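Just so you know, all these numbers are worked out from the coordinates, no wet-lab data involved. Predicted model, so just to flag it, every value in this text is computed and none were measured. Neighbour counts run over all protein chains shown; Cβ positions are idealised from the backbone, glycine included.
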Amino acid sequence: MTNPSDRVLILGASSGFGAATAVAFGAKGLHVHGVHLDRRSTAAAVASVRDRVAENAASVHFYNVNAADDARRAAVLDHIQDRVQAEGGKVRVLLHSLAFGSLVPLVSGAAGEPLATRKQLDMTMDVMAHSLVHWTRDLVERDLLARGGRIFALTSSGSHQALRHYGPVGAAKAALEAHVRQLALELAPRAVTVNAVLAGVTDTPALRKIPGHEQVLEKALARNPHGRHTRPEDVARCLLALASPDTQWMTGNVIRVDGGEDACA
C-alpha cells in the first residue's frame, strides 16, 4: 500500500490490535479512520494513540461511537464519504477488531453467579460478529470500498475451544469466522479479500476483562516457543504485509499470527 490517497478504517482503534494497526498504517502516510467507544477515563490514552497515528498519516479521524449502532455507523460513513469526495481515495483496508461482549457462563454457574441473558447473547453476537457484515455491506453499497481491498477480522482460539466464561464471545467468534468465509465468496468478483486473523494470547485491555486472565497468560507463555506473548505490533506488521497486492489469492482463511503458540502443546 503506497498510494497516499488510500484509506484505512479500523473498528476498535483505541487500544490493543486496533491501536497498533492504526499506528502502523498511519506510518505509511495513509488516511486513517478509527471507530472506538471510550469513556472520559480513557480519553487521554485515546488521544495518545491518535497523536501517534497523526505523526505520519495523511489525515486522522477518530469517532467515539458505538460501532454496532446503525445511526452512528451511517454518520461515520457519511463523514468518510465527504472526505472521499473532497480528497479522493477509497477504503483500501477494513479491520474489525471489536472486543465488547459478555463474559459470563451459559448455564449452571457457581451459586449466585449470573448467567448470560438473551440480551447479552444477542448484543455480543451483534457487536463481535454481525457488525462486520453491516459495515462491509454499507461500504459496498456506498461505493467506498476499493476494488482489490482487504478486510480483516480479529478472531480468537475461543472460536473453536471452550473457555470458562467465554461462551457468548466464543459463539460470536465462530460466527465471525463464518461471516469471513461467506464474504470472501461474495466479494471475490470485486477482488476484495476477506480473512480472519487469530492472534496468540496478547496482554490487552480486552484480555484483562476475562476472569482468570492471569492463568491464560501464564499458560500461553509456557506454550509459546518464542518464550513471550504475542504483541499487538506483531499483528499490525502482519496486517501491513497481508495488505500487499501480492496476497490477492489469500482469502476466506483463518490466519494464525501467534509465533507458533497454537502448534505447540
Quiz item: Within segment 212-229, is there a residue that is touching a Gly at 6+ places or on another chain (Cβ under 9 Å), touching a residue at least 24 places away in the same chain (Cβ under 8 Å), within 22 Å of Gly101 (Cα to Cα) and among the charged types (D, E, K, R)?
Solution: no
Quiz item: For the subset of segment 13-56 comprising residues that are in a loop (DSSP other than H, G, I, E, B) and among the acidic types (Asp, Glu), which member is farthest from Gly89 (Cα to Cα)?
Solution: Asp38
Exercise. For segment 182-198, state whether one or more residues are surrounded by fewer than 16 Cβ atoms within 10 Å (Cβ to Cβ) and touching a helix residue (DSSP H, G or I) at 6+ places or on another chain (Cβ under 8 Å).
Key: yes
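So if I check each of Phe62, Phe17, which one is of a type in the set (Phe, Trp, Tyr) and more than 19 Å from Leu144 (Cα to Cα)? Step through it out loud before you land on a result.
Numbers: Phe62 fails: more than 19 Å from Leu144 (Cα to Cα).
Result of the check over Phe62, Phe17: Phe17.
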Practice problem: Would you point out which residue out of Gly34, Gly18, Gly12, Gly26 is touching a residue at least 12 places away in the same chain (Cβ under 8 Å), under 26 Å from Asp258 (Cα atoms) and over 14 Å from the mean Cα position of the chain (by Cα)? | Solution: Gly26
Quiz item: Quick check: anything in segment 226-233 of a type outside the set (Gly, Ala, Ser), crowded, with 19+ Cβ neighbours inside 10 Å and within 18 Å of Gln161 (Cβ to Cβ)?
Solution: yes
Practice problem: From (1) touching a Phe, Trp or Tyr at 6+ places or on another chain (Cβ under 6 Å); (2) surrounded by fewer than 24 Cβ atoms within 10 Å (Cβ to Cβ); (3) not in a helix (DSSP H, G or I), pick out the condition that doesn't hold for Gly158. | Solution: (3)
Self-check item: Output for segment 72-118, where each listed residue is at positive phi and not polar (S, T, N, Q)
Solution: Gly88, Gly89, Gly112
Practice problem: Would you point out the residue of segment 45-83, among those that are more than 26 Å from Asp203 (Cα to Cα) and in contact with a Ser or Thr (Cβ under 9 Å, 6 or more places away or on another chain), that is surrounded by the most Cβ atoms within 10 Å (Cβ to Cβ)? | Solution: Arg73
